[in-house]
Amino acid sequence: MLEIVSTKYEGKYLDYVRQTMLSFAERNHLTRRESEIAVLLMIYGYSNQELADHCSISVKTVKNHLDNIMKKLGIHSTRKLYSMLLQAFCCEGGMVMAEQARRYERMSG
């Protein structure tokens, strides 16, 4: 029973993180693939090789996507990228939760 609850919670959490990061990606004009890379970094903390394997692309292509993301965000290091993704998750997450609460209120009453 605990495994079922844990799996349901994990699925909702991952959906929440994904939605939050996609909102961040949209606001920063990231492409679909750049958004996917950002989401995978935030959720799983994948290495470049793991990102390449997951997305069925080369490590060089992953590096190109990461470089493009960093250029769009005006940063120059992967460490800063992780920091920005974490900040976005915290800030965007609050906005996502507020929007979900507004939807619930409209549906409820």
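The values are calculated or read from the model by the stated rules, or taken from the named source; none is laboratory data. Just so we're clear, the structure is a prediction, and the values are computed from it rather than from any experiment. Quick reminder, even Gly has a Cβ in these numbers, built from the backbone with ideal geometry, and neighbours come from all protein chains shown.
Some points to look at:
Matching residues to (1) in contact with a His (Cβ under 6 Å, 6 or more places away or on another chain); (2) charged (D, E, K, R); (3) under 27 Å from LYS12 (Cα atoms); (4) in a loop (DSSP other than H, G, I, E, B):
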position: ALA25; (1), (2), (3), (4): no, no, yes, no
position: ALA38; (1), (2), (3), (4): no, no, yes, no
position: LEU41; (1), (2), (3), (4): no, no, yes, no
position: TYR46; (1), (2), (3), (4): no, no, yes, yes
position: LEU51; (1), (2), (3), (4): no, no, yes, no
position: HIS54; (1), (2), (3), (4): no, no, yes, no
position: ILE57; (1), (2), (3), (4): no, no, no, yes
position: THR61; (1), (2), (3), (4): no, no, no, no
position: MET70; (1), (2), (3), (4): no, no, no, no
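- Scanning the range 26-68 for residues that are modelled with pLDDT of 95 or more and of a type in the set (A, V, I, L, M), we see that the one that is nearest to TYR82 (Cα to Cα) is LEU66.
- Taken as a whole, the structure places LEU73 among residues that are at pLDDT 90 or above and surrounded by 16 or more Cβ atoms within 10 Å (Cβ to Cβ).
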